[in-house]
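Visitor: Please see the structure below; I have some questions.
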Amino acid sequence: MPEITADDDGETIDSGPPTGDGSDSTDDGDGIQIDMISADRMDGMRTMEKIRLILDGVHDGNIVILEQGLEPEEESKLIEVTMSEINPDGFTGIEIETYPGESNGDNGFIGRLMGRDNSNKLTVIGPANRIETLHKDETLISTLVTRT
Amino acid sequence: MGLLTSLKSSVSRATSTLFAGSEPKRIGIYGPPNAGKTTLANRIARDWTGDAVGPESHVPHETRRARRKENVEIKRNGKSVTIDVVDTPGVTTKVDYKEFLEHDIEKEDAVRRSREATEGVAEAMHWLREDVDGVIYVLDSAEDPFTQVNTMLIGIIESQDLPVLIFANKIDLEDSNVQRIANAFPQHETVPLSALEGDNMDEVYDKIAEYFG
């Protein structure tokens, strides 16, 4: 999985594979680390492992991009764990964006039984105080990322 | 959620419903902060029991604990449906105590409110996974419904196979746009209303009886 760091000039630098434990943040004030996590990497993980991978990155000020989005139950847990980690003058939560779901009503139990899964969508997650959504529609997510 | 877990969950829900008998169904009122959830819960509770559920406010996260009004009996067309109304804190992915300072709240109180708000959101999510039989999803019809929280919450509700009604609240506001909400979630029925003014409550109660009776 590549790790891409954007510098002040907006250029991107491939800085090699991360360890995945969030301890290798390169946020030194000159750039913003973006962790792009592949579907393969997430596939073998349990819910809490996924949530920790995401939140550890976000706590380090990184932008986390998931090739494949979370399941609804995992999103529910992500909100719950995020809330438990918010503290005054520190972590204020997350901003999360995916493309709006297809509104076809097939996402319930029958839909899953029939193999229709609506979770495989690119997802962007970042610290609430560093990422702001400028525009979102079915085909485009435009976000402003700041170093704060 | 895996298929087996889904199957287990659905069977469990079906079984509990089958053996619930005449137990009132717990209907959770969900939605983002400031959508008018408590105003709606109070309107329903006052109309049918005479009591309120909790205080209403324009300050976000005024409701920081789930509150339940039990045995609300709604009579429609010669039949009656009894529900427990659960008013939940507004769901969000971020809480910053500084937002409360903008409402002339002192820092110490703002920090306390923000801490309680985070606990309330977590509690609301827990209720949604474990303890409600149906959902009324309340949206401010003057606001953009295409938010991530709305998308995620509707997805979570659908994944739980819960019956859901979408209430487009605040139709008394000039910027209200009910069609925008109907377009955002066409797979669900959207009911326009003003919980504050009591507009269109007859249809609201008809739909509650139809969906949750």
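Computed from the coordinates by the stated procedures, all read-outs in this text should not be read as laboratory data. Predicted model only: the values in this text are computed from it and were never measured. Positions of Cβ are backbone-derived with ideal geometry, glycine not excepted, and every protein chain shown enters the neighbour counts.
Visitor: Would you order A:54, A:141, B:74 from fewest to most other beta-carbon atoms within 10 Å of each residue's own beta-carbon? Provide the component values of the computation, followed by the final result.
Guide: Values: A:54 26, A:141 17, B:74 20.
Ranked by crowding around the Cβ, least crowded first: A:141, B:74, A:54.
Visitor: Relative to the present Cα-Cα distance, how much length would full extension add between residue A:134 and residue A:146 at 0.36 nm per residue of separation?
Guide: Gain on stretching residue A:134 to residue A:146: 3.1 nm.
Visitor: In whole angstrom, and with the biggest value first, how far do the Cα coordinates of segment B:59-158 range along each principal axis?
Guide: For segment B:59-158, the Cα extents along the three principal axes come out at 52, 28, 28 Å.
Visitor: Using Cβ counts within 10 Å as a stand-in for footprinting exposure, how do B:165, B:173 rank, fewest first? Walk me through the intermediate numbers first.
Guide: Working: B:165 20, B:173 14.
Exposure proxy ranking, most exposed first: B:173, B:165.
Visitor: Check which residues have an amide H placed less than 5 Å from residue B:191's amide H, if you skip close sequence neighbours.
Guide: Those lying under 5 Å, H to H, from residue B:191 are B:166, B:167, B:168.
Visitor: Turning to a different aspect of this structure: Which of B:162, B:40, B:193 ends up with the largest GNM mean-square fluctuation for chain B, with Cα atoms connected below 10 Å?
Guide: Judging by the Gaussian network model, the answer is B:162.
Visitor: Taking amide H atoms as placed 1.01 Å from N in the peptide plane, list the residues 5 or more away in sequence, or in a different chain, whose amide H sits under 5 Å from that of residue B:196.
Guide: Distant-sequence amide H within range of residue B:196: B:170.
Visitor: Straight-line reach from residue A:121: which lysines have a Cα under 27 Å away, not including same-chain ones fewer than 8 places off?
Guide: A:50, A:77, A:136, B:8, B:94
Visitor: Right, something else. Compute the relative contact order of segment B:157-199 as a whole-number percentage, counting only Cα pairs closer than 8 Å that sit 6 or more residues apart in sequence.
Guide: Details: 42 pairs, mean separation 19.4, N = 43.
Once divided by the residue count of segment B:157-199, the mean separation gives 45 percent.
Visitor: Another question about this same structure. Hey, could you get me the Stokes-Einstein D for chain B, Kirkwood radius over alpha-carbon pairs, 10 °C and 1.306 mPa s, rounded to whole µm² s⁻¹? Working shown, then result.
Guide: Numbers: Rh = 17.7 Å.
Using the Kirkwood radius from Cα pairs, D works out to 89 µm²/s.
Visitor: Could you tell me the calculated FRET efficiency between residue B:206 and residue B:68, based on Cβ-Cβ distance and R0 = 30 angstrom, to the nearest 0.05? The partial results should precede the final answer.
Guide: Values: r = 23 Å, r/R0 = 0.77.
That gives a FRET efficiency of 0.80.
Visitor: Over chain B, what is the relative contact order in percent, taking alpha-carbon pairs closer than 8 angstrom and at least six residues apart?
Guide: Details: 366 pairs, mean separation 47.4, N = 213.
Contact order relative to length: 22 percent.
Visitor: Near residue B:98, which aspartates and glutamates are there with a Cα under 12 Å away, not counting those fewer than 8 places off in the same chain?
Guide: A:89, B:106, B:108, B:109
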